[in-house]
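Heads up: the structure comes next, in structure tokens.
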Amino acid sequence: DQQVKQNSPSLSVQEGRISILNCDYTNSMFDYFLWYKKYPAEGPTFLISISSIKDKNEDGRFTVFLNKSAKHLSLHIVPSQPGDSAVYFCAARRTTDSWGKLQFGAGTQVVVTP
Amino acid sequence: DTGVSQDPRHKITKRGQNVTFRCDPISEHNRLYWYRQTLGQGPEFLTYFQNEAQLEKSRLLSDRFSAERPKGSFSTLEIQRTEQGDSAMYLCASSLRNRDLNFRRVGETQYFGPGTRLLVL
């Protein structure tokens, strides 16, 4: 039962342009969302998060938007840099869970070209 | 380096052998999680500890899988009688249980280690 979906397995973007990654979820009980970035042979690295009480959170070049009615969130990276080439995972949890299990999407491979 | 560490980083074993992986979380973190990741998929939750107590283990893939965190610090994940389908990346993460001033839970960030890549021949 895949409750978090990233429907684009890959994205290619030119250096300096905006990267937009999308994520959809089905469980309306999710109230905390995170984006992780993963390089090959490394563990996921936390990027940015958003609580369901907000619709936007910004940290430097990274902005996450949350549309609760559509059960959709997106990650904007601007400007994109070559070092942003990685796999990006969207994750969600229910804060009311006593143990905070994260449910992950399958990931989107981003390639930033010169 | 004060991040999450895992050992070994790579493990090749023959089918039927037992393997054990170790995870050292960030020192002040009281929650520890194990995940498994297979090719083309996101991490899949396996089990969770708060301090030394294993509070959720129903997602462990079979009774061949077991995990411990004996003193509430490092944790081990053991797979007995390995099968080729166990080949995957095993990830450990840690977080700090957190509540706001009104004692409500607030979002916690899980920080991941580099993973142990297991290949069962």
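The values are calculated or read from the model by the stated rules, or taken from the named source; none is laboratory data. These numbers come from a predicted model, not from an experiment. For neighbour counting, all protein chains shown are included, and Cβ atoms are generated from backbone atoms with ideal geometry for every residue, glycine included. For accessibility, only protein heavy atoms count, side chains too; no ligands or nucleic acids. Shrake-Rupley method; radii C 1.70, N 1.55, O 1.52, S 1.80 Å.
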Between residues in the range B:1-24 that are closer than 19 Å to B:G113 by Cα and residues that are at pLDDT below 95 and open to solvent by 80 Å² or more (accessible area, probe 1.4 Å), which pairs lie under 9 Å by C-beta distance while being six or more apart or on different chains? B:T2/B:S27; B:G3/B:Y111; B:V4/B:Y111
The lone condition A:F89 fails out of (1) touching a residue at least 60 places away in the same chain (Cβ under 8 Å); (2) within 11 Å of chain B (Cβ to nearest Cβ); (3) more than 30 Å from B:D7 (Cβ to Cβ) is (3)
Scope the range A:50-94; condition in contact with a Gly (Cβ under 6 Å, 6 or more places away or on another chain) and under 18 Å from A:Y25 (Cβ atoms); matching residues: A:S51, A:F89, A:C90, A:R93
A:D84 versus (1) over 29 Å from B:S58 (Cβ atoms); (2) out of contact with any strand residue (DSSP E or B) (no Cβ under 6 Å at 6 or more places or on another chain); (3) more than 12 Å from chain B (Cβ to nearest Cβ): which is the lone unmet condition? (2)
Report, by residue number, each residue of the range A:3-13 that is open to solvent by 80 Å² or more (accessible area, probe 1.4 Å) and farther than 14 Å from A:A86 by Cα. A:K5, A:N7
Only one of (1) open to solvent by 30 Å² or more (accessible area, probe 1.4 Å); (2) within 17 Å of A:G107 (Cα to Cα); (3) within 14 Å of the chain's Cα centre (by Cα) fails for A:Y25. Which number is that? (1)
So is B:T13 open to solvent by 60 Å² or more (accessible area, probe 1.4 Å) and hydroxyl-bearing (S, T, Y) or not? no
Does the range A:79-86 include one or more residues that are of a type in the set (D, E) and free of Cβ contacts under 8 Å to residues at least 40 places away in the same chain? no
Conditions first: (1) open to solvent by less than 10 Å² (accessible area, probe 1.4 Å); (2) over 26 Å from B:R117 (Cα atoms); (3) part of a loop (DSSP other than H, G, I, E, B); (4) at pLDDT below 95. A:G100 passes all but one, so which condition is the exception? (2)
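Of all residues in the range A:34-61 being closer than 30 Å to B:R9 by Cα and more than 9 Å from chain B (Cβ to nearest Cβ), which is surrounded by the fewest Cβ atoms within 10 Å (Cβ to Cβ)? Even if it seems obvious, please write down each step before you answer.
If we filter the range A:34-61 for residues that are closer than 30 Å to B:R9 by Cα, which is where we start, we get A:34-49.
Restricting the remaining residues to those that are more than 9 Å from chain B (Cβ to nearest Cβ) gives A:35, A:37, A:39-40, A:47-48.
Working: A:W35: 24, A:K37: 22, A:Y39: 13, A:P40: 6, A:L47: 18, A:I48: 19.
Once the filter is applied, the top-ranked residue is A:P40.
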Of the numbered conditions (1) more than 29 Å from B:Q6 (Cβ to Cβ); (2) open to solvent by 50 Å² or more (accessible area, probe 1.4 Å); (3) in contact (Cβ under 8 Å) with a residue 12 or more places away in the chain, A:S69 satisfies every one except a single condition; which is it? (3)
Report those strands (runs of 3 or more DSSP E) wholly inside the range B:17-121 carrying at least 3 residues which are within 14 Å of chain A (Cβ to nearest Cβ), at pLDDT 90 or above and over 11 Å from the mean Cα position of the chain (by Cα). B:116-120
